[in-house]
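Shown next, in structure tokens, is the structure this report addresses.
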């Protein structure tokens, strides 16, 4: 009897680990862009010297429909390089609290030896809040850094400086090495007023620029947009006006991670004498965190429960809701589809989507808008009104940073390759020497010697995708994914036949189990023909075999049946024969 | 022995056909929006009187990733209503040659009884070209309508009038009925110059407005954009300038269906003394059609073969290519990934994406851009330059049409619900009485009596999705799709056990076939535990059974194993037990 179980069709050759030269001298500083430079998400960079490794950020990447990874929850940075050098890791430094910078922490901390985490207060609260969902993990050694503070880990002094992003307590880093500093911006935009950089922003960055900066790792997310970015203050004003003037109920969908905006909305509501209803767990969690971090002091009667809304006139109510990306089960979609237990949309409501559309979510947001418009509620969004601005700087912001920080080498990070190259083109156009710009890939190793010589290693660190798939975390999901994609387009066709081990004849007509291929009820004729073909193929093959080797029959059977099904249906289901010798 | 084959898990109750009242009097005209009003794609509308049915357009819808229909090729209009009323169908009228208006023809013509097809010349060529791919079909009875011509089918006179869209030979219709006309715009934009509607446009629409128009079925695709649409002439000028001034090779990616733009590009190339290389089958086919239709006369030496490019200096070459939506195997993606046999991108190339991004294709276009930027080639696209304009009018165009045609009732069509409602809001804001606007769904039946009374029937025509899935065309793919989606996220887990029919004991350890669930090699322990659990569950269940009924065991086994796998892996593979009694 042949056993099909566990004989997976794909053979796997383990990826040979490339031999990576270690740093042997004090004059070299190594920068590794682990991930986040061929995607938006899973940001992680390494700064390494002969004795020490610092890790900057540990994000994960969300997997959207259309990204060809069905069933996968998240994609993580590949930490194999770090796992092999745990003894050198001095710190994980987190620039700010967004999931593309902190999301990977619960999955990787143990693998990298639980180093201390250095970050500012709000970020620390967000990290610890998430950690509650993983109670089996070791506690984090959390080192809270105050704004602008410095600290030393191993032989490296790290200066932090405040930066502007769409979340408070965001910071940049300057790591002091023998021949000069490595500056990491984190996610940034530059605040301008009437087209001029404001003084706080100018002071912080000019201070960085007074040092000898070897290299600048700089955000590229919006590098393909020209000029300076739109200030968030304009968004606050727009939302404030909507809140003050709306004659009915207001529903605002936004990212829960937009702390400043949430805070600003709540302040506007208080000023306008309106009550705030929070819908969606992440909004509640983050507002709790904002209050703990003293980012806002909320009057005791500002927040009301969803159930108490009926006690107030509609024009006194502002609902802050999750789900602006069209998430199927979030509060906003439930309201839009009349499935929300207490909010029924009506024509007098004003609905604001205070967010952009994350690429990959376009169809989901379209469905959300369709459903909202079914209730005859008009949507105010970023396309027609200033109700959203990005937390990332345009090319104008980035070039200003280059010119203020004055690094010798520029390494664009945070974005798809297209964004990094757009960043490079913008820098070149503004006089940055092209040969001093390195556009990295995930896993690229850049060694800088004596602060003046940039060497891009030919080898990369291991870059196989590490996926979170239910409870499984690993690199081997590629094999499983290939099967899922195949099953998802053409389904499966399992053949079960019991064969007389002596005569090679089938004991009875073979069984067929098929899912996701064709609608079986309407394809009885096809199945009958397939059964005849299966019986004939097996018996023709076994006829002159002695002894009968069913393994030899299986390949032939797979080919014959696949060809037959393709010819009849134009589909290629996964054909799996199970031959049981009795 | 139990036979699992063909026992599909889902039970299907056939959708009861609603009883639809027939039209019994001469004073009623019925409008049915079959499809295309809850999506962009598969446009089909019906105009029906007591004696006659006219069908306007027969498009299909492309299925993008992220639209939750894995493996499906296209979605068609549901023609069941028409199939049951074949005897009344007098004509299929096609407004223009885009696939969302003609794509369904090969799949539905036979079902609706092969009525004559009325359309203009270019459209007829495009329909017949596609028909060549379906050689088994009956020939089409093609009735070519010249620009502005009228014709009579059954008792209905149909006047056509020229409209502006992104393809030539586009037309609108006015169907004359007893109490007035039903006007169908087809896909339209209004040509303006310096913000004023040009005279040809004005003349055509004002003529329509001189009649007594009961209802207007009007394009809504861009109704959420304010003001007048950008004229295509601006795109021609931009492309002309790029073609004249580029100092290297130019590659232009565009929709093959943008006839006017292709023609304009070729003319610019000829004027600038440049050679044109066509890449991609659909571009070649459509330029052939354009030449046949005498839309352009091309000089004999304008086109050169890809292989002959080396004979010309780079600044004399313009490549017209398919694939601007990031299609994986199209010419542009092959160039961008160095897989094209004769075009290797280099920094001196100018690459123009003369197209918008169709929702759902964002990630594919991002990949295309990433790959192009890997070759250090900058992309000029619609976000930074006027290299594309839509063929659909903004709200400004649409309101101008309402005010010129002056219909009593307005029925927005062509778009998602959101677009139709945006159209409605724009109309209301400009004085159209709200009660005279009907925003339809797919399958909505609108009866207009005496030209003055609009009745929206409570029932709809059948609307189950009709899908093309390989060679299968039918409504029953929903069941198959549900399985595909489930298989795509969690895979499958087939259990095969041979059971002694007398004792209920397993003959040997059960076999497991699993795909798309977990990586089996690294989960041997899980599989061992599953086998033990399976054996125990079966034998515990059969212990006191007499006779042994394996069907009863299967449900219990499915539940137990599903629960076990979920608990261990956080995944829910499709568990299928096959118990073979011997």
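The values are calculated or read from the model by the stated rules, or taken from the named source; none is laboratory data. In this text the structure is predicted, and so the values were computed from the model without any measurement. Every residue, glycine as well, gets a Cβ built from its backbone with ideal geometry; the counts of neighbours run over all protein chains shown.
Scanning region B:559-571 for residues that are at the interface with chain A (Cβ under 9 Å from one of its Cβ atoms) and either without any contact (Cβ under 8 Å) to a residue 24 or more places away in the chain or in a loop (DSSP other than H, G, I, E, B) (or both) yields B:566, B:570, B:571. Considering (1) out of contact with any strand residue (DSSP E or B) (no Cβ under 7 Å at 6 or more places or on another chain); (2) part of a strand (DSSP E or B), the lone condition that residue B:138 does not fulfil carries the number (2). Among the residues of region A:493-520, those that are without any contact (Cβ under 8 Å) to a residue 60 or more places away in the chain, farther than 30 Å from residue A:468 by Cα and more than 7 Å from chain B (Cβ to nearest Cβ) comprise A:502, A:503, A:504, A:505, A:506, A:508, A:509, A:510.
When residue A:399 is tested against the conditions (1) closer than 22 Å to residue A:182 by Cβ; (2) over 22 Å from the mean Cα position of the chain (by Cα); (3) within 11 Å of another protein chain (Cβ to nearest Cβ), the lone failure is (3).
If residue A:191 satisfies all but one of (1) more than 25 Å from the chain's Cα centre (by Cα); (2) surrounded by fewer than 18 Cβ atoms within 10 Å (Cβ to Cβ), what's the number of the condition it fails? Residue A:191 satisfies every listed condition except (2). For beta carbons closer than 8 Å, sequence separation of 6+ or different chains, a first residue in region B:349-365 that is at the interface with another protein chain (Cβ under 10 Å from one of its Cβ atoms) and closer than 17 Å to residue B:380 by Cα and a second that is modelled with pLDDT of 90 or more and part of a helix (DSSP H, G or I), the qualifying pairs are B:357/B:365. Could you please let me know if residue B:483 is under 42 Å from the mean Cα position of the chain (by Cα), farther than 16 Å from residue A:470 by Cβ and outside any strand (DSSP E or B)? When the stated conditions are applied, residue B:483 passes them. Criterion first (touching a strand residue (DSSP E or B) at 6+ places or on another chain (Cβ under 9 Å), assigned to a helix (DSSP H, G or I), farther than 27 Å from residue A:100 by Cβ and more than 7 Å from chain B (Cβ to nearest Cβ)) does residue A:435 satisfy it? It is true that residue A:435 is touching a strand residue (DSSP E or B) at 6+ places or on another chain (Cβ under 9 Å), assigned to a helix (DSSP H, G or I), farther than 27 Å from residue A:100 by Cβ and more than 7 Å from chain B (Cβ to nearest Cβ). Go over the candidates A:82, A:122, A:137, A:99 one by one and state the one that is buried (at least 24 other Cβ atoms within 10 Å of the Cβ), more than 14 Å from every other protein chain (Cβ to nearest Cβ) and touching a residue at least 24 places away in the same chain (Cβ under 8 Å). From the options A:82, A:122, A:137, A:99, the qualifying one is A:82. Yes or no: region B:521-532 includes at least one residue that is over 30 Å from residue A:473 (Cβ atoms), more than 7 Å from chain A (Cβ to nearest Cβ), over 42 Å from the mean Cα position of the chain (by Cα) and surrounded by fewer than 21 Cβ atoms within 10 Å (Cβ to Cβ). There is no residue in region B:521-532 that is over 30 Å from residue A:473 (Cβ atoms), more than 7 Å from chain A (Cβ to nearest Cβ), over 42 Å from the mean Cα position of the chain (by Cα) and surrounded by fewer than 21 Cβ atoms within 10 Å (Cβ to Cβ).
Does residue B:252 qualify as being at pLDDT 95 or above, in contact with a helix residue (DSSP H, G or I) (Cβ under 9 Å, 6 or more places away or on another chain), farther than 29 Å from residue B:395 by Cβ and not in a helix (DSSP H, G or I)? When the stated conditions are applied, residue B:252 passes them. Tell me, please, whether a residue that is over 19 Å from residue B:293 (Cα atoms), surrounded by 23 or more Cβ atoms within 10 Å (Cβ to Cβ) and within 17 Å of the chain's Cα centre (by Cα) can be found in region B:179-186. Within region B:179-186 (the criterion being over 19 Å from residue B:293 (Cα atoms), surrounded by 23 or more Cβ atoms within 10 Å (Cβ to Cβ) and within 17 Å of the chain's Cα centre (by Cα)), the answer is yes, since at least one residue qualifies.
Just wondering, is there one or more residues in region B:338-348 that are more than 22 Å from residue A:226 (Cα to Cα), crowded, with 17+ Cβ neighbours inside 10 Å and within 8 Å of another protein chain (Cβ to nearest Cβ)? Within region B:338-348, not a single residue is more than 22 Å from residue A:226 (Cα to Cα), crowded, with 17+ Cβ neighbours inside 10 Å and within 8 Å of another protein chain (Cβ to nearest Cβ). Among the candidates B:547, B:573, the residue that is modelled with pLDDT under 95 and either under 42 Å from the mean Cα position of the chain (by Cα) or over 30 Å from residue A:475 (Cβ atoms) (or both) is uniquely B:547. Taking into account only those residues within region B:371-382 that are within 8 Å of chain A (Cβ to nearest Cβ) and assigned to a loop (DSSP other than H, G, I, E, B), which is nearest to the chain's Cα centre (by Cα)? Restricting to residues being within 8 Å of chain A (Cβ to nearest Cβ) and assigned to a loop (DSSP other than H, G, I, E, B), the top hit is B:378.
Considered as a group, the residues in region A:430-442 that are in contact with a helix residue (DSSP H, G or I) (Cβ under 8 Å, 6 or more places away or on another chain) and within 17 Å of residue A:396 (Cα to Cα) include one that is surrounded by the most Cβ atoms within 10 Å (Cβ to Cβ), and that residue is A:432. For the condition in contact (Cβ under 8 Å) with a residue 60 or more places away in the chain, in contact with a strand residue (DSSP E or B) (Cβ under 6 Å, 6 or more places away or on another chain) and not in a loop (DSSP other than H, G, I, E, B), residue A:216 qualifies.
One line per residue, one yes/no per condition, for (1) under 30 Å from residue A:133 (Cβ atoms); (2) under 28 Å from the mean Cα position of the chain (by Cα); (3) within 14 Å of chain B (Cβ to nearest Cβ); (4) exposed (fewer than 15 other Cβ atoms within 10 Å of the Cβ):
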| position | (1), (2), (3), (4) |
| --- | --- |
| A:221 | yes, yes, yes, no |
| A:231 | no, yes, no, no |
| A:235 | no, yes, no, no |
| A:250 | no, no, no, no |
| A:273 | no, no, no, yes |
| A:280 | yes, yes, no, no |
| A:295 | yes, yes, no, no |
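Selection of region A:460-482 for residues being surrounded by fewer than 23 Cβ atoms within 10 Å (Cβ to Cβ), facing chain B (nearest Cβ under 7 Å) and out of contact with any helix residue (DSSP H, G or I) (no Cβ under 8 Å at 6 or more places or on another chain) yields only A:479.
The residue of region B:17-35 that is nearest to the other protein chains (Cβ to nearest Cβ), among those that are assigned to a loop (DSSP other than H, G, I, E, B) and in contact with a strand residue (DSSP E or B) (Cβ under 6 Å, 6 or more places away or on another chain), is B:18. With respect to the conditions (1) at pLDDT 95 or above; (2) in contact with a strand residue (DSSP E or B) (Cβ under 6 Å, 6 or more places away or on another chain); (3) at the interface with chain A (Cβ under 9 Å from one of its Cβ atoms), residue B:5 falls short on a single one, namely (1). Residue check: residue A:490 meets all listed conditions (1) within 8 Å of another protein chain (Cβ to nearest Cβ); (2) surrounded by 14 or more Cβ atoms within 10 Å (Cβ to Cβ); (3) within 15 Å of residue A:580 (Cα to Cα) but one, namely (3). Within region B:50-74, the set of residues being more than 14 Å from chain A (Cβ to nearest Cβ) and not in a loop (DSSP other than H, G, I, E, B) comprises B:53, B:54, B:55, B:56.
Once region A:504-520 is narrowed to residues that are touching a helix residue (DSSP H, G or I) at 6+ places or on another chain (Cβ under 8 Å) and closer than 28 Å to residue A:545 by Cα, the residue that is surrounded by the fewest Cβ atoms within 10 Å (Cβ to Cβ) is A:505.
Is it fair to say residue B:412 is assigned to a loop (DSSP other than H, G, I, E, B), within 27 Å of the chain's Cα centre (by Cα), more than 30 Å from residue B:344 (Cβ to Cβ) and within 14 Å of chain A (Cβ to nearest Cβ)? Criteria not met by residue B:412.
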